[in-house]
Amino acid sequence: MTEPPMRVGRTVNRMHLTKEEEQILGGELGEGAQKAMEMLVAIGDAYDAEKMIPITRAHAASSGQEGDLYFVELLANGGARCRVPTSTNPVYDIPFFHKTFERIPKNEANVAKRVMEAYRRVGAILSWSCVPYLYENIPLFAENVAFSESSATPYVNSVIGATTNREAAQSALASGVVGKTPLYGLHIKENRKGTHLIKVETTLRDEFDYTLLGYYVGKHVSYGIPVLTGITRRPTTEELINFCAMTNVSGAISMFYMPGFTVEADTAKKAFQGDKPQDTITVSMHDLKRACEELQTTSGKLDFVMLGCPHYTLKQIEEAARLLEGKKIRRGVDFWICTSGTTKLLAERDGLVQTIERAGGHVVVDTCIDEPCWIAYKNKTGMTDSPKCAYYRRFKEVMVGRLNDCVEAAVRGRRE
Amino acid sequence: MKDHETTFRCHKIIGGHAEGEALVSHMPVCFYLTDPKTGTVREKDHDLKGKSVAGKVLVFPSGKASSVVQIDGLYKLAQNGVAPKALIVKDVETVLVVSAFIVKIPLVDRLEKDPFEAIKTGDFVKVDADKCIVTLTEQE
């Protein structure tokens, strides 16, 4: 990672605010909106933004954590309401988990409950989904939006071609309330220029290969806008979601280009806006294999399988159901798939949830793998298809493999 | 020896004023990787490992890590009264602005001199973000 140059600039802030924006900042529209505006002005000042621009929608990466609770309650108690559609990230399905597990600390449950209630009070779309751009809150090409969440920011910028900065949950919520964001960063075309050339010199077969690619690219680029060439087949929605999510586990990637498959530049040259890449990185099958090996910490017996980080799509649930059809998950192994309420509804209509449940698995909604509801697995060993799930380390050990390997391990009770 | 006082202009991001002993790090800081009860940095291989950020004027290049953990980390330090008193950074990003906003800690950047040349751990630093001024008393 090259250190960004020291910013020399103004010491006096001069963001231009319209009369209405000044009124919000002055508290004329209530204390909640005022706090939201104060935060946006601070961000604008940090980046020398000249003004605010309207946004059409926002996604707040809500979480059942105290910092999140503080801010959303501050806005809710101050009477704030979202002016543009603002969706929410998963916390956890409180009634289900408290019925199923006894050990979840009361205090944590209380925080989660208050967070979910406060987002309802500010009038958010209660999607509780980390992939809201699929169903509940879909940006269009060239819309200015404020989307937090690791897969959402790069997906929305690159696959859809809307513009968003790498928002925090709170700045995205503040933008949802005010309906605006400071004009800075990726809302400006020059800042959407590619930085690193990534030459993919291997065939990417499936989502899991894209997962490993995302992990590898995030790790080696760290911070920047990678431009990927050498991809021969159009990536699927699921492959792109996984790629996006993993680039933000090992790095901080808000945007990328796959010329020919992403919308904004149809050639690498255009992606770099005529400039040379800062760096060129090649990716071979060997590199991806090594990335996968790096992620393994153990093998052998397992207590649970955790899928759906990011939330599984209908197609992924269908694939899991197909692999589990007529099989039984081994006694003593718990099998979880996290998804959104919308997706589960569709999966039930198709009988997929029923197939998974017959095999002994569960499909849970509104829930993130990184929440206190999973405390029962704290000292247990599991398996997942998501390095992101493994990285958060809520569990003792987590093995990482393809979906079909996860299913096989769940049925056998172990993985070699 | 006499203490030497110097004043630098800076750029306000989050207002307020605070003073305290400087703690200088040359590495990006993730507040989640500190002990929430004491403010002691526990991140492996960090140049502040074992040192506490509690009550300090923290001078560092930038923040790092996901928004959820960074904000929650600083929030917990503040709740326990062991957050830094002020933050002086070289490069600021959205998540750090949001974190400092939530816990109401003065945050400034663009010190007129490179903060790593100007400030040493142990110096006494006053940060008046509203007036865009950092005053330094060097410890001889």
Any chance B:Cys10 is crowded, with 17+ Cβ neighbours inside 10 Å and touching a Cys at 6+ places or on another chain (Cβ under 6 Å): yes
Total residues in the stretch A:9-57, condition among the basic types (Lys, Arg), under 16 Å from A:Arg83 (Cα atoms) and away from every other protein chain (no Cβ under 14 Å): 1
Residue in the stretch A:318-332 that is at pLDDT 95 or above and under 19 Å from A:Arg103 (Cβ atoms) present: yes
Strands (runs of 3 or more DSSP E) within the stretch A:32-99 that include 1 or more residues closer than 23 Å to A:Ala245 by Cα: A:57-60, A:86-88
Subset of the stretch B:1-35 that is touching a residue at least 60 places away in the same chain (Cβ under 8 Å), more than 23 Å from A:Ile43 (Cβ to Cβ) and assigned to a loop (DSSP other than H, G, I, E, B) - its residue that is farthest from the other protein chains (Cβ to nearest Cβ): B:Met1
Residue in the stretch A:346-378 that is surrounded by the fewest Cβ atoms within 10 Å (Cβ to Cβ), counting only those that are in a helix (DSSP H, G or I) and out of contact with any strand residue (DSSP E or B) (no Cβ under 9 Å at 6 or more places or on another chain): A:Arg349
Every residue from the stretch A:155-183 that is more than 23 Å from A:Val263 (Cβ to Cβ) and surrounded by fewer than 24 Cβ atoms within 10 Å (Cβ to Cβ): A:Gly179
Among (1) in contact (Cβ under 8 Å) with a residue 12 or more places away in the chain; (2) away from chain B (no Cβ under 12 Å); (3) more than 22 Å from B:Lys104 (Cβ to Cβ), the one test that A:Arg120 misses: (1)
Tally of residues being more than 8 Å from chain A (Cβ to nearest Cβ), out of contact with any strand residue (DSSP E or B) (no Cβ under 8 Å at 6 or more places or on another chain) and over 23 Å from A:Lys35 (Cα atoms) across the stretch B:88-127: 1
Lone unmet requirement of (1) assigned to a helix (DSSP H, G or I); (2) touching a helix residue (DSSP H, G or I) at 6+ places or on another chain (Cβ under 7 Å); (3) under 19 Å from A:Ser250 (Cα atoms) for A:Phe208: (2)
Counted residues, the stretch A:311-330 - those being without any contact (Cβ under 8 Å) to a residue 40 or more places away in the chain and either surrounded by fewer than 16 Cβ atoms within 10 Å (Cβ to Cβ) or farther than 16 Å from A:Glu136 by Cα (or both): 5
Which listed residue is in contact (Cβ under 8 Å) with a residue 40 or more places away in the chain and under 15 Å from the mean Cα position of the chain (by Cα), from B:Leu77, B:Leu48, B:Leu96, B:Leu58: B:Leu77
Residue in the stretch A:291-301 that is at negative phi, surrounded by 14 or more Cβ atoms within 10 Å (Cβ to Cβ), in contact with a helix residue (DSSP H, G or I) (Cβ under 9 Å, 6 or more places away or on another chain) and modelled with pLDDT of 95 or more present: no
Test: residue in the stretch B:36-52 that is within 12 Å of another protein chain (Cβ to nearest Cβ) and within 22 Å of B:Thr135 (Cα to Cα): no
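The values are calculated or read from the model by the stated rules, or taken from the named source; none is laboratory data. As the structure is a prediction and not an experimental result, all values here were calculated from the model. Cβ coordinates were reconstructed from backbone atoms using ideal geometry, including for glycine residues, and neighbour counts include every protein chain displayed.
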